[in-house]
Amino acid sequence: MTDSSATPPRPPAPHTGLPKADIVLPCLDEAAALPWVLDRIPDGWRAIVVDNGSTDGSAELARSLGASVVTEERRGFGAAAHAGLLAAEAEFVCFCDCDGSLDPALLAGFVRRIADGECDLLLGRRRPEGRGAWPPHARAGNLALARMLRRRTGLRLHDLGPLRAARRTDLLALDLTDRRSGYPLQMVVRASDAGLRVAESDVPYRPRTGKSKVTGTWRGTWHAVRDMRGVLREPPADRVPGRAAHAGAGAPR
């Protein structure tokens, strides 16, 4: 696990029990995985399934299972993820793939750590379990991006995985603009620029249910890497007012 110590920790948030959160679940034809994913949502949390053009009945199924459903007609992971963020209302917002490869129940621990002042943005570092969980080309692309991210921000992260959590107000203040595959990376880059403390924690990563729309092919991986390289070429965003300046390194060396 890596953690940033560049800025002082927030004081622990007063709460009893598990803090409430909304979980954003970008969705494109994930009917086969939805029952398991939604069953793993922590009690009292709201699942926001963002339907991004499904033709397999995903939206209807999600509603029948108690999820809030948002329709985002513009195709792209970033478009769906940001639509979910805008629909969220809880203090904490989490993101998780909707394909069964990641367990949303793990986000309870993520939110607890943020509420306790350990970090501001917590990412899941994927640890593959099972054959085919993380194809070699996808892993290689992720490693290359992690190295480029380190050069750009100083953050020593190993993964830019989709399982993550932060405060809603922090995420909205980042003014995220990418609506394609660069969205997850832009979130991390702008969080670093804004002085947020970014950390990662190991999470199991299982073979997804159904066919991947991005990392299942070399072509999809290349398009994702292209989008993310574009994000890394962006000039540093203005710092969020009131934030302590980020010292550059996100994790212990």
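The values are calculated or read from the model by the stated rules, or taken from the named source; none is laboratory data. Every value quoted in this text rests on a predicted model; they were computed, and no experiment measured them. Reconstructed Cβ throughout: ideal geometry from the backbone, glycine too, with neighbour counts over all protein chains shown. Quick note on the areas: whole protein, heavy atoms, side chains included, nothing else; ligands and nucleic acids left out. Shrake-Rupley method; radii C 1.70, N 1.55, O 1.52, S 1.80 Å.
Summary of computed values
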| quantity | calculated |
| --- | --- |
| Residues whose placed amide H lies under 5 Å from that of S54, excluding near-sequence neighbours | D29 |
| Backbone HN-Hα couplings from phi across segment 88-98 [Karplus 6.51/-1.76/1.60, Hz, Gly and Pro as x] | 5, 10, 6, 4, 10, 10, 10, 10, 8, 5, 9 |
| Protection-proxy order for peptides 41-54, 146-159, each taking the mean of Cβ atoms within 10 Å per residue, highest first | 41-54, 146-159 |
| Å² per residue, accessible surface of segment 79-194 at 1.4 Å | 33 |
| Amide H contacts of F92 (H built 1.01 Å from N, under 5 Å, at least 5 apart or other chain) | D22, R168 |
| Protein accessible area in segment 52-148, 1.4 Å probe - carbon and sulfur % | 49 |
| Length-normalised contact order of segment 62-220 in % [C-alpha pairs under 8 Å, at least 6 apart] | 37 |
